[in-house]
Amino acid sequence: MKVIKVKDYEEMSTEACTFILNKLKQLQKPVLGLATGSTPEGLYKRLINKYNEQEVSFKDISTYNLDEYVGLENDDPNSYHYFMHDKLFKHIDIPEDQAHVPNGVAKDMDKECQNYEKQISDAGQINIQVLGMGLNGHIGFNEPGTPFSSRTHIVELDESTREANARFFNSLEEVPKKAITMGIETIMESKEILMLVSGANKKEALDRLLNGEVTEDFPASILQQHDHVTVIADEAALEGK
Ligand code: GLP
């Protein structure tokens, strides 16, 4: 894994934006894997700025998001559909049918999982997957214990994840108990992975990601076995390293 150390969240976001724009220039029909959470928000702001400065167009880019809560409608402000629309898609020129987020309110969720997998493979796999990491090492919504061989699937969220994400909801009770997420094997099939880590609260998780045992108990540790991973992490997360 290549580790790029930056000063803080802002510098992480700028570095991530430069990284992505450089890769996009080398691709004709790029397929981007996107993440939600607080971590990539600064990156999305910078991509919007670059679009406004006409340095990038998203017309030929397809995106696939990692995950979505089960049971939240697309227009629910806590859904990841809403998040992506609000933080990125509505500000850029990506055609609506090229911006994909798993459907958390599909009638047949198993079928939705299969469809999502098929769409990604029909697109020729993801060129660059942006990842953030949960405090317990989850990537997407793949909680500890998820098999490394998992494909897009439905998960029961850990209580710790629901508590961490409760800050976006009115109360913990409102946080959905289930989600749909790309599986670990799906993520590992991405040609390149960009992991962003910021803040002192991620210090222990980052240490396990970089130096810990590769174990299903800490899902992000599998990234040690991927050939093209770049981690951009700030001083707070890398403290002492
Ligand atoms: C959520 C998302 C993950 C994200 C993680 C970390 O649970 N499903 O994709 O990486 O939270 O979030 P944050 O970036 O806010 O720390």
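Data table
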item: Segment 212-222: number of residues that are out of contact with any Leu (no Cβ under 7 Å at 6 or more places or on another chain) and either free of Cβ contacts under 8 Å to residues at least 40 places away in the same chain or of a type in the set (Gly, Ala, Ser) (or both); result: 4
item: Residue within segment 29-41 that is within 16 Å of the ligand (Cβ to nearest atom) and assigned to a helix (DSSP H, G or I) present; result: yes
item: Residue in segment 22-30 that is at pLDDT below 95, closer than 21 Å to Met182 by Cα and open to solvent by less than 70 Å² (accessible area, probe 1.4 Å) present; result: no
item: Test: residue in segment 42-57 that is in contact with a Pro (Cβ under 9 Å, 6 or more places away or on another chain), modelled with pLDDT of 95 or more and crowded, with 19+ Cβ neighbours inside 10 Å; result: no
item: Lone unmet requirement of (1) open to solvent by less than 30 Å² (accessible area, probe 1.4 Å); (2) under 27 Å from Glu185 (Cα atoms) for His100; result: (1)
item: Per-region count, segment 210-241, residues assigned to a loop (DSSP other than H, G, I, E, B) and not polar (S, T, N, Q); result: 16
item: Hits in segment 189-211 (condition: out of contact with any Leu (no Cβ under 6 Å at 6 or more places or on another chain) and either free of Cβ contacts under 8 Å to residues at least 40 places away in the same chain or under 14 Å from Asn136 (Cβ atoms) (or both)); result: Ala200, Asn201, Lys202, Lys203, Glu204, Leu206, Asp207, Arg208, Leu209, Asn211
item: Qualifying positions in segment 160-176 - within 13 Å of the ligand (Cβ to nearest atom) and either of a type in the set (D, E, K, R) or part of a loop (DSSP other than H, G, I, E, B) (or both); result: Arg162, Glu163, Arg167, Phe169, Val175, Pro176
item: Per-region count, segment 177-209, residues more than 11 Å from the ligand (Cβ to nearest atom), open to solvent by less than 40 Å² (accessible area, probe 1.4 Å) and assigned to a helix (DSSP H, G or I); result: 4
item: Test: residue in segment 74-81 that is within 13 Å of the ligand (Cβ to nearest atom), under 28 Å from Lys23 (Cβ atoms), touching a residue at least 12 places away in the same chain (Cβ under 8 Å) and not in a loop (DSSP other than H, G, I, E, B); result: yes
item: Failed item in (1) touching a Leu at 6+ places or on another chain (Cβ under 6 Å); (2) away from the ligand (no atom under 15 Å from the Cβ), with Val130 passing the rest; result: (2)
item: Filtered residues of segment 58-73 (kept if open to solvent by less than 20 Å² (accessible area, probe 1.4 Å) and either charged (D, E, K, R) or free of Cβ contacts under 8 Å to residues at least 60 places away in the same chain (or both)); result: Phe58, Ile61, Thr63, Asn65, Asp67, Glu68
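Table: residues versus (1) touching a residue at least 12 places away in the same chain (Cβ under 8 Å); (2) over 12 Å from the mean Cα position of the chain (by Cα); (3) surrounded by fewer than 23 Cβ atoms within 10 Å (Cβ to Cβ).
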| site | (1), (2), (3) |
| --- | --- |
| Glu117 | yes, yes, yes |
| Ser121 | no, yes, yes |
| Gly124 | yes, yes, yes |
| Gln129 | yes, no, no |
| Leu135 | yes, yes, yes |
| Gly140 | yes, no, no |
| Gly145 | yes, yes, yes |
| Ser149 | yes, yes, yes |
| Thr152 | yes, yes, no |
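The values are calculated or read from the model by the stated rules, or taken from the named source; none is laboratory data. This structure is a prediction, so every number in the text was calculated from the model and none was measured. Here Cβ is always computed from backbone atoms with ideal geometry, including for glycine, and neighbour counts include all displayed protein chains. These accessible areas exclude ligands, DNA and RNA; they are computed on the full protein's heavy atoms, side chains included. Shrake-Rupley method; radii C 1.70, N 1.55, O 1.52, S 1.80 Å.
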